[in-house]
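Reading through the structure tokens given below for one structure.
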Amino acid sequence: MNRAIVIGGGLHGLSTALHLARMPGWQVTVLERRHVGRHSSGVNAGGVRRLGRDLREIALSMVAWEMWSNISALVGDDCGFQPGGQVKVAENAAELGKLEARAAQVRALGWTHEEVVDQAEVRRLLPAIAPHVVGALVCHGDGSADPMRTVMAFRRAAQEAGATIIEGSGVTAIERSGAGTLRVVTEEGTHEAERVANCAGAWATRIARMAGEEIPCGVKASMMIVTERLPHFCTPTVGPTGRALSFKQTVAGTVVIGGGHQGLNDPERETSTVLFGNLAHAARIAAELFPCVKGARIMRTWTGTEARTPDEIPVIGESRTMPGLFHSFGYSGHGFQLSPAAGAAVAELIARGATNLPVAPFTQRRFDA
Amino acid sequence: MRVVVVGAGPAGVRAVEQLVRSGIEPVWIEEAPDGGGRIYQRPPAGFRRNHRAIYGADAKRARALHAALEALKPRADWRPDTLVWNIRPRERLLDTQTAGRRRATVEYDALILCTGAMDRILPIPGWTLPGVTTLGGAQIALKAQGVGIGARPVFIGTGPLLVLAALQYAKAGATPALVLDTTAFATKAMASAGLLWNLPTFVRGLRYTAALRLRGVPVVEDATPIAIEGEGRATALRWRDAGWREHVTPCDAVAMGWGLKPEAQLADLAGVPFRFDELGHNWIPEKDGAGRTPVPGVYLAGDGAGIGGAEVAELAGARAALALLEDHGLPSDMVLRAHLDGRLRTEARFRAALERAFPYPADLARRMDDATLLCRCEAITAGDLRSAARAGGSEVNRAKALSRIGMGRCQGRVCGPPAAEVLSEALGLPLEQVGRLRGQPPVKPIPLPGSA
């Protein structure tokens, strides 16, 4: 039996553990410093989005979408996935031009999931949209899921597949033993394993550093607003082209507003704080795109801490200083959708040393230049 | 020095009084359209009933507090109808909203929070039916608006407010159908030695019960409410007496309340640590006897810092202001300080006895039926919360993330205490280890910014 330790009980750690535990011959243990889904995994906007992805991410995102489309088969729960579509609206002709160029670029790579629609079609998709919107880029089949429910489904599935999840266990060191295995040291004790996955999110660079590897990566704390329940007016998840916003109405009727507006971040204390000035900006954009939310009341606001790489795509690959350690972090605020596929890729890398899944662009070598 | 006082109830008024005496003109923020607090809430403009009719035995205190309030308004930067919805302790800023729309930020060097309390409830089947309200809500309807919740209301709960509210309704012309006290007379009697620390208040309580019985209002003790029944609105209370016999009492409204819980969200946002108060079964912000918190510049007074009642709130408000003045090297009344310290010590003993006399019926919460609606904002049942406990909801915030309990309009202010009891029972952990819901801004729903 081979042993693997997964550091981090977020969605990527749990997905990696799930896929690996289902492979014959692997005994998997997840070490989570606090509890599963404590940071961005449990509190993100739940966007299941291929639309507008970095070109290097599209292939993996397509694989993930296939998995999302049948997520019950993977984890035994639908994770609250609602494929209501994702729409990026153009607020003027110049933006529409940009969206057309983008669609052409994606088509040239052989993908057909992104489609430009005209004003009439936008109105049909989004009857409540502001009249100045002239068109949009649409991805049918995208949508959103319930993040905490997703975390718990992956956790349950991983455990049923035989993985052990230890909460409240923070890693303090990683070292190589005389026998060549890796030793993961926690305050409670030491775990020995043939392979280790670093899925520690905003704290993953510290784990890399324990292995003697410097990977450039910062942190972010995207803020979210949720309003009181409103009558149903919007099915897809919506964002503008020239401004930062993500906007969706949940099944319950609440409106969740996000889009990468940043709060204060304190990785040392593992906290993040809402900055209302920045939130007000997001709220204003939301009200300009959907006039019907004007005057809606904010119920709650929150942030979640997440790693952000310089080019905002993740790091997936084996450590160059400590072979046997595999990184999977830096999803930069859009890793939720990728998690089923990324976990499968990392599990294959661990088990077989290679994967056919399209994760080659995410090697940390790209920062060498 | 910029001093801000939040709240213009008994504590806030007496705090501002001491500040003004020392030449400080504080920013004085009150969420309601006028001061007085909940206990001395004033009728809307145009209402003509006098203090005696509205406040009964408390008329003298109410009149004195209102007089002080009016005298102080011009000497402070008085901002009524203003909600403090966020505190940024690092920058020492308050975010406020006036009249439901106008936003402002207010700087402070020192802050006295006198944020008061709200009713503590216990969900039973039918508690969300129209016609059901809290004891405090029923009392305010009568006091401030001159309207009753019903002609034949039932009063359920425990504590001094239970018999007082029932008697006020009886005097106002209603016919209370039942006063159901979940506490046994023996429990109250055991605590009576301690209640002597405030003899007048203690005697008043006994007098109210006697007066109710004299008016023919049935008052039952050590009884258990089972369910509020009715189609579309409350029409009866099903309950069980101490001898385990079931009864159904027809009624047209229900008021319920089991003591009060501090409204301490702002103290939380200001960074004040909390401790679990075994006696009151509440989490309360930490402060010393004078109202100083571990956060420099932040002071607490009144029920928002731990339930003490209106008399204590007045003393504590003045005391916190004196502490603030002293800490900032300003002249303060030393004689008054010594007097207040003595009074507050005595009152603390009385309060401890009161909590023993009228305990929160934790057992009823812990044994709550799975089907009972616990969180009315998000429609979460006790069973849902127990499932969340099994799924890893090892403390209240975790259980919130898993079940959505406390995520709605009230932010857990209503369902928080009973939810903690249910969770504590489900996990087999003491209440203290189950924790408390972390405060999050906005403390109450506010309109989206930029949309005013």
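Screening chain B for whole DSSP H helices of 27 Å or more along their axis (Cα) with average Kyte-Doolittle hydropathy at least -1.0 returns B:334-357.
Expressed in nm to one decimal, what extension gain is obtained for the pair B:Glu278 and B:Lys60 from 0.36 nm per residue of sequence separation less their Cα-Cα distance?
My answer for the length gained is 75.1 nm.
Here B:Ala45 and A:Met23 are evaluated by their C-beta separation; at R0 = 60 Å the FRET efficiency comes out at 0.20.
Against chain A, whose longest principal axis is taken from its Cα atoms, helix A:11-21 shows a tilt of about 50°. Taking label points 7 Å from Cα along the Cα-to-Cβ direction, A:Glu312 and B:Gln145 give a separation of 5.1 nm. May I ask you to list the residues of the stretch B:263-280 whose amide nitrogen lies under 15 Å from a point 7 Å from Cα along the Cα→beta-carbon direction of B:Glu432? The answer is B:274-280, whose backbone nitrogens lie closer than 15 Å to the label point.
Note down the nm distance, to one decimal, between modelled labels 7 Å out along Cα→Cβ at B:His247 and at A:Phe233. Those two pseudo-labels are separated by 5.2 nm.
Of all DSSP beta bridges in the protein assembly as shown, what percent run antiparallel (nearest 5)? Bridges in the protein assembly as shown that DSSP calls antiparallel: roughly 60 percent. Legend: residue pairs A:Lys98/A:Lys294; A:Lys248/B:Lys444; B:Lys171/B:Lys261; A:Lys294/B:Lys400; A:Lys248/A:Lys294, Cα-Cα distance threshold 18 Å; pairs beyond threshold, A:Lys98/A:Lys294; A:Lys248/B:Lys444; B:Lys171/B:Lys261; A:Lys294/B:Lys400. The simple spin-label model puts a point 7 Å past each Cα toward its Cβ; for A:Ala101 and A:Glu270 those points are separated by 4.5 nm. Would you mind checking the stretch A:202-245 for residues with the amide N under 18 Å from a putative spin-label position 7 Å along Cα→C-beta of A:Val185? So the set is A:206-213. Taking every DSSP helix (H) stretch of at least 4 residues in chain A, weighting each as -39,500 (n - 2.57) and dividing the sum by the residue count yields a mean residue ellipticity at 222 nm of -8500 deg cm²/dmol.
Counting Lys and Arg as +1 and Asp and Glu as -1 over every other residue whose Cβ lies under 13 Å from the Cβ of A:Leu357, the net charge comes to -2. Across chain B, C-alpha contacts under 8 Å between residues 6 or more apart give a mean separation that, scaled by the residue count, equals a relative contact order of 17 percent. Charge dipole (Cα centre; +1 on Lys/Arg Cβ, -1 on Asp/Glu Cβ; no other charges) of the protein assembly as shown amounts to roughly 1760 debye.
Beta bridges per DSSP, both residues in chain B: antiparallel share near 55 percent.
Bear in mind these aren't lab numbers, they're just calculated from the coordinates by the rules spelled out. Here the structure is a predicted model, which is why all the values come from computation and not from measurement. Cβ coordinates were reconstructed from backbone atoms using ideal geometry, including for glycine residues, and neighbour counts include every protein chain displayed.
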